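Undergrad: The following block contains the structure, expressed as structure tokens.
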Amino acid sequence: MAMTPSNMMPLGTVAPDFNLPDTVSETHMSLQAIKGKKGTLVAFICNHCPFVIHINPEFSNMAKEYQEKGIGFVAISSNDAENYPQDGPHLMKQTAEENNYTFPYLYDENQTIAMAYDAACTPDFYLFDAQLKLVYRGQLDDSRPGNGLPVNGKDIRDAVNALLENKSIDPNQKPSIGCNIKWLAP
């Protein structure tokens, strides 16, 4: 199990646009269609990573809670599905259904969106404000598979709550840790 940290895109960066296939609805979805009235959370995940599997229940619950408050949610998988078939689009839909995702689960086949976001690991989280400027990037919380800490989403919840309450978000943010994105061979 590789432990790769987030690259920590600079705060204030405008969210790179995308238009990718949603494996659940089988339509293309753009950032503009997904963005929330008050903010948007973009997560890079995959199906098989133990770090993602570990946080999936909390991530799914968090989405349900905050979507009702005006936060858009989207998950993107950018893994090389040829060499990692367990991360292929046909299994992404199954993963979304098993985890009760209430948000699109998009497939970034050529990895251009992962590169635009400077994503490094799964899970990798990016929270943008209503103007799509980055206000938080990093970990869900301190829990990791096997460390015994509860998965509670504290870091992202604190950031989202501050955003919703128009309070400043602590710029001292911890990188996410997870499996490296499975890049296509050059």
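The values are calculated or read from the model by the stated rules, or taken from the named source; none is laboratory data. Values in this document were obtained by computation on a predicted structure and should not be read as measured data. Using ideal geometry, Cβ is built from the backbone for each residue, glycine included, and neighbour counts are taken over all protein chains shown.
Undergrad: Would it be correct to say that residue 124 is touching a Cys at 6+ places or on another chain (Cβ under 6 Å), surrounded by 21 or more Cβ atoms within 10 Å (Cβ to Cβ) and in contact (Cβ under 8 Å) with a residue 40 or more places away in the chain?
TA: Here the answer is no, as residue 124 does not meet what is asked.
Undergrad: Which ones in the stretch 170-185 are without any contact (Cβ under 8 Å) to a residue 40 or more places away in the chain and in contact with a helix residue (DSSP H, G or I) (Cβ under 7 Å, 6 or more places away or on another chain)?
TA: Selection gives 174 alone.
Undergrad: Here are the criteria: (1) more than 21 Å from residue 114 (Cβ to Cβ); (2) touching an Asp or Glu at 6+ places or on another chain (Cβ under 6 Å); (3) among the small types (Gly, Ala, Ser). Tell me which single one residue 6 does not satisfy.
TA: (1)
Undergrad: Taking residue 102, is it over 23 Å from residue 9 (Cβ atoms), of a type in the set (Ser, Thr, Tyr) and surrounded by fewer than 16 Cβ atoms within 10 Å (Cβ to Cβ)? Don't jump to the end; show me each part of the working.
TA: On the way: over 23 Å from residue 9 (Cβ atoms): yes; of a type in the set (Ser, Thr, Tyr): yes; surrounded by fewer than 16 Cβ atoms within 10 Å (Cβ to Cβ): yes.
Answer is yes for this residue.
Undergrad: Testing residue 47 on (1) in a loop (DSSP other than H, G, I, E, B); (2) touching a residue at least 60 places away in the same chain (Cβ under 8 Å); (3) surrounded by 16 or more Cβ atoms within 10 Å (Cβ to Cβ), one condition comes back false. Which one is that?
TA: Here residue 47 meets the rest and fails (2).
Undergrad: Another question, if that's okay. Any idea which of 114, 81, 63, 130 is touching an Asp or Glu at 6+ places or on another chain (Cβ under 7 Å) and more than 19 Å from residue 7 (Cβ to Cβ)? Break it down stepwise before answering.
TA: Values: 114 fails: more than 19 Å from residue 7 (Cβ to Cβ); 63 fails: touching an Asp or Glu at 6+ places or on another chain (Cβ under 7 Å); 130 fails: touching an Asp or Glu at 6+ places or on another chain (Cβ under 7 Å).
Criteria check complete, one pass: 81.
Undergrad: Considering only the stretch 20-39, state which residues are touching a Leu at 6+ places or on another chain (Cβ under 7 Å), over 21 Å from residue 98 (Cα atoms) and not hydrophobic (A, V, I, L, M, F, W, C).
TA: 28, 35, 38, 39
Undergrad: For the stretch 50-77, which positions are within 25 Å of residue 133 (Cα to Cα), touching a Lys or Arg at 6+ places or on another chain (Cβ under 8 Å) and in contact (Cβ under 8 Å) with a residue 40 or more places away in the chain?
TA: Answer for the stretch 50-77, where residues must be within 25 Å of residue 133 (Cα to Cα), touching a Lys or Arg at 6+ places or on another chain (Cβ under 8 Å) and in contact (Cβ under 8 Å) with a residue 40 or more places away in the chain: 62, 69, 70, 71.
Undergrad: Assess whether residue 92 counts as being modelled with pLDDT of 95 or more, farther than 24 Å from residue 182 by Cβ, crowded, with 18+ Cβ neighbours inside 10 Å and touching a Leu at 6+ places or on another chain (Cβ under 9 Å).
TA: Values: modelled with pLDDT of 95 or more: yes; farther than 24 Å from residue 182 by Cβ: no; crowded, with 18+ Cβ neighbours inside 10 Å: yes; touching a Leu at 6+ places or on another chain (Cβ under 9 Å): yes.
In short, no.
Undergrad: On to the next question. In the stretch 50-82, which residue that is of a type in the set (Ser, Thr, Tyr) and in a helix (DSSP H, G or I) is farthest from residue 150 (Cα to Cα)?
TA: Checking each candidate, the answer is 66.
Undergrad: A follow-up question, please. Is at least one residue of the stretch 143-152 crowded, with 19+ Cβ neighbours inside 10 Å, without any contact (Cβ under 8 Å) to a residue 60 or more places away in the chain and not hydrophobic (A, V, I, L, M, F, W, C)?
TA: So far as the stretch 143-152 goes, no, none of its residues is crowded, with 19+ Cβ neighbours inside 10 Å, without any contact (Cβ under 8 Å) to a residue 60 or more places away in the chain and not hydrophobic (A, V, I, L, M, F, W, C).
Undergrad: Going through the stretch 133-185 one residue at a time, which ones are within 14 Å of the chain's Cα centre (by Cα), part of a loop (DSSP other than H, G, I, E, B) and hydrophobic (A, V, I, L, M, F, W, C)?
TA: 140, 181
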